[in-house]
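Before any comments, here is the structure.
The values are calculated or read from the model by the stated rules, or taken from the named source; none is laboratory data. This one's a predicted model, so the numbers in the text were calculated from it and none came from an experiment. Cβ placement follows ideal geometry from the backbone for every residue including glycine, while neighbour counts extend to all protein chains displayed.
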Amino acid sequence: MNQNTPITEVKGIGEKTAKLFAKLDIYHVGELLSHYPKDYETYAPPIPIAQIKPGELCAVRAFVSAIPNQKRIRNLDILNVVIKDDSGAMQVTFFNMPFLKKVLKPGACYVFRGLVQSRGNAKVMEQAKYFTIDEYYKQMNVLMPRYSLTKGLTNKTVQKAVRQALSVYTFEKECFSQDFLQKQGLMSRKDAIQETHFPENMQGVLQARKRIVFDEFFFFLLMLQKNKEVSSALPNAYQMFETADTVRFLEQLPFSLTKAQKKVWGEIRDDMGSSYCMNRLIQGDVGSGKTIVAVLALLMCAANGYQGALMAPTEVLAMQHFENITRDTQQYGLAFRPVLLVGSMTAKEKRAAYEKIADGEANLIIGTHALIQNKVEYKNLALVVTDEQHRFGVRQREMLAEKGNQPHVLVMSATPIPRTLAIILYGDLHISVINELPANRLPIKNCVVNTAYRPKAYAFIADQVAQGRQVYVICPMVEEGEQEDVENVVEYTAKLKSILPSNVQTAYLHGKMRPADKNRVMEEFAAHNIDVLVSTTVIEVGINVPNATVMMVENAERFGLAQLHQLRGRVGRGAHQSYCIFVSANEKKESMERLQILNQSNDGFFIASEDLKLRGPGELFGVRQSGELSFRMGDIYTDAAILQQASEAVEMILRKDQNLESEEYKPLREYLLKADENMVDFRSI
């Protein structure tokens, strides 16, 4: 059994279970083994009710003191259970679990485990897990992995499948020599996979994680370095000169560029007119005005008689770019002849677009991954702009560039990364920074609160909707059953519908939805047919809705600061005052202080630097990965030291053997060749 073996060949996985795994994009054994636990938990001994504190995940051993009280609010079923022990009493609340009324009998003793929250002076545990006394004590003090799941798939099922697969799996030959692994302080890949899924202790987990994260960073950076060798000194096949078009456009705009925008535009202009091909990253905070600079570059390209392409990470964003540029073309008489190319277009629409691209009738092509399909042939592609760089693998960016005869490449990223990390991560690109916001932007008003603030927040949301504004609510999880101590999108939407006025249109959005459904929801929100959008972080780079003025983030303590700042950038894009409410279910001093950094500053570069300082080994599993360069396990903030280590290892190997020709690096060379044939994105190995 190897990584390409279908998971249906794993003992115990039938057709029905395979369909559940497919919802998590797991079809082969390799994908199953790389479905790493998202964190680990240990069931600690139960504590007396009197000792529990709001914001803590804990267990109590108590008896049900009365018949559970059941009530229904619209489509939400609420079950309140009062439990007692020798030290006191508290309430446990369950949503949409009416069957528990018959299960939890008065007088029966259980262990209830969940996140404790404050409700005025009272303490409440919501959606707790309950165990018989024997069940709980058997699991106590054992390190248990928790996986990302989908409805119908349990932790137990995933663990059983992984255990079965590992028992018959044939691991590929190690890429690195034993001497190299020893010097780098790394365990074997085989041991790392085994220890990640079935850990003996936390020290073993950390060592296993280090190896897996090192591999992710190492191969990504090695590919970047190989790209850099090819791209850094390419002769400029499309030398361009500034024409009156860009000057006229700037004069007609109703605003002036900031000093930072002017500086970056000058760097791009110089690159495109120099002897060498441009390979540049525009790194700028949310709302700093990267897009207008990219449009100027595309206009210069069109005015010089060439084609330019703009690739966005989502169809909705691509369509918004297309509509905005088409409007500006008509309003300002620009030299663009734009065409849109996205996956959801009909075959007839795509054929028409292909013809316009091939014969040069279209000189600006805007789209998604559809731009790099085999059927697309460009006449004279001279400039490629990719929006939200981290959403595309290195290989995808390369494929778009290959569509032309080594065109200029301009990349945009909205997540400011500390310069030390940016130099490593964007090693194949020259970096330009837009570090100031346009003067007309109203600063976003922020607040960091605990869960007791929710009623006020809901009233504020209702008030903003009544004024004609729109709202985002972000939850970490997709559906019930994934993790008991965090809010989830599906259930939270039902809860909001029962709380907000009935005329408020509320909908949800998450990454597991079909692309067509995701696009439909985002389009409906952009068209203001939806007032409140409950979403996972999938909206991080999704849409531009100037009318959205409130961003409420649940379980904010579970996200990295840089990602929270990125999410906050979805509001504050219009003329109205915008607000961001960070709700923390963890009221510990450290968590609240960390979130206060967002309260104090709207400067993404400052926040990214603070994120880097604050996140250490103690938060490996407590804080969700940043959106930037989303590796499967690695996180550029938490794992900054491993990133540096991998970068130095890549440099050392390439210094010794540039082309990996020696016997020592033969396994590494073979692995890279195989990966390139399969078009592997090294962020996901």
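At-a-glance table
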read-out: The one condition in (1) at pLDDT below 90; (2) among the charged types (D, E, K, R); (3) over 20 Å from Lys495 (Cα atoms) that Arg119 fails to fulfil; value: (3)
read-out: Hits in segment 148-170 (condition: under 30 Å from the mean Cα position of the chain (by Cα) and either β-branched (Val, Ile, Thr) or outside the structural domain of Lys16 (by TED's automatic domain parsing) (or both)); value: Thr150, Thr154, Thr157, Val158, Val162
read-out: Residue within segment 81-99 that is at positive phi and either in contact with a strand residue (DSSP E or B) (Cβ under 8 Å, 6 or more places away or on another chain) or in contact (Cβ under 8 Å) with a residue 60 or more places away in the chain (or both) present; value: yes
read-out: In segment 278-294, the residues that are closer than 11 Å to Leu383 by Cα and modelled with pLDDT of 95 or more; value: Ala294
read-out: Asn586 at pLDDT below 85 and in contact with a Pro (Cβ under 8 Å, 6 or more places away or on another chain); value: no
read-out: Boolean, Leu253 is of a type in the set (A, V, I, L, M) and more than 30 Å from Asn405 (Cβ to Cβ); value: yes
read-out: Unique residue being at pLDDT below 90, of a type in the set (Asp, Glu) and under 20 Å from Ala548 (Cβ atoms) when the list is Glu487, Glu491; value: Glu487
read-out: Output for segment 155-179, where each listed residue is free of Cβ contacts under 8 Å to residues at least 60 places away in the same chain, within 28 Å of Ala641 (Cβ to Cβ) and either charged (D, E, K, R) or buried (at least 17 other Cβ atoms within 10 Å of the Cβ) (or both); value: Asp179
read-out: Tally, over segment 112-121, of residues that are surrounded by fewer than 20 Cβ atoms within 10 Å (Cβ to Cβ) and closer than 22 Å to Leu76 by Cα; value: 2
read-out: Residues of segment 102-138 satisfying the condition of being of a type in the set (A, V, I, L, M, F, W, C) and in contact with a Gly (Cβ under 8 Å, 6 or more places away or on another chain); value: Leu115, Val116, Met125, Ala128
read-out: Residue list for segment 353-398, filter: polar (S, T, N, Q), surrounded by fewer than 22 Cβ atoms within 10 Å (Cβ to Cβ) and modelled with pLDDT of 90 or more; value: Asn380
read-out: Selected residue [within 10 Å of Tyr472 (Cα to Cα) and either over 14 Å from the mean Cα position of the chain (by Cα) or surrounded by 24 or more Cβ atoms within 10 Å (Cβ to Cβ) (or both)] from Val504, Val521, Val534; value: Val534
read-out: Subset tally (residues that are surrounded by 18 or more Cβ atoms within 10 Å (Cβ to Cβ) and of a type in the set (Val, Ile, Thr)) for segment 24-48; value: 2
read-out: Residue within segment 83-100 that is among the basic types (Lys, Arg) and over 37 Å from the mean Cα position of the chain (by Cα) present; value: yes
read-out: Test: residue in segment 132-143 that is among the aromatic types (Phe, Trp, Tyr) and in contact with a helix residue (DSSP H, G or I) (Cβ under 8 Å, 6 or more places away or on another chain); value: no
read-out: From Val60, Val64, Val111, residue being more than 39 Å from the chain's Cα centre (by Cα), in contact (Cβ under 8 Å) with a residue 40 or more places away in the chain and within 25 Å of Met140 (Cβ to Cβ); value: Val64
read-out: Test result for Phe21, in contact (Cβ under 8 Å) with a residue 24 or more places away in the chain, of a type outside the set (A, V, I, L, M), within 30 Å of Gly511 (Cα to Cα) and surrounded by 19 or more Cβ atoms within 10 Å (Cβ to Cβ); value: yes
read-out: Residue, nearest to the chain's Cα centre (by Cα), within segment 570-586, restricted to residues that are buried (at least 23 other Cβ atoms within 10 Å of the Cβ) and more than 23 Å from Leu57 (Cα to Cα); value: Arg570
read-out: Residues being surrounded by fewer than 20 Cβ atoms within 10 Å (Cβ to Cβ), touching a Gly at 6+ places or on another chain (Cβ under 9 Å) and either on the phi > 0 side of the Ramachandran plot or part of a strand (DSSP E or B) (or both) - total across segment 415-457; value: 2
read-out: Selection status of Glu195, among the acidic types (Asp, Glu) and either assigned by TED's automatic domain parsing to the domain that holds Ile26 or not in a loop (DSSP other than H, G, I, E, B) (or both); value: yes
read-out: Among (1) more than 31 Å from the chain's Cα centre (by Cα); (2) in a helix (DSSP H, G or I); (3) surrounded by fewer than 21 Cβ atoms within 10 Å (Cβ to Cβ), the one test that Ala237 misses; value: (2)
read-out: Those strands (runs of 3 or more DSSP E) lying entirely in segment 19-103 with at least 2 residues modelled with pLDDT under 90; value: 39-42, 69-73, 76-85
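Rundown of residues vs (1) among the polar types (S, T, N, Q); (2) out of contact with any helix residue (DSSP H, G or I) (no Cβ under 7 Å at 6 or more places or on another chain); (3) crowded, with 17+ Cβ neighbours inside 10 Å, yes/no style:
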position: Ala309; (1), (2), (3): no, no, yes
position: Ala318; (1), (2), (3): no, yes, yes
position: Asn324; (1), (2), (3): yes, yes, no
position: Asp328; (1), (2), (3): no, yes, yes
position: Gln331; (1), (2), (3): yes, yes, no
position: Val339; (1), (2), (3): no, no, yes
position: Val342; (1), (2), (3): no, no, yes
position: Arg351; (1), (2), (3): no, yes, no
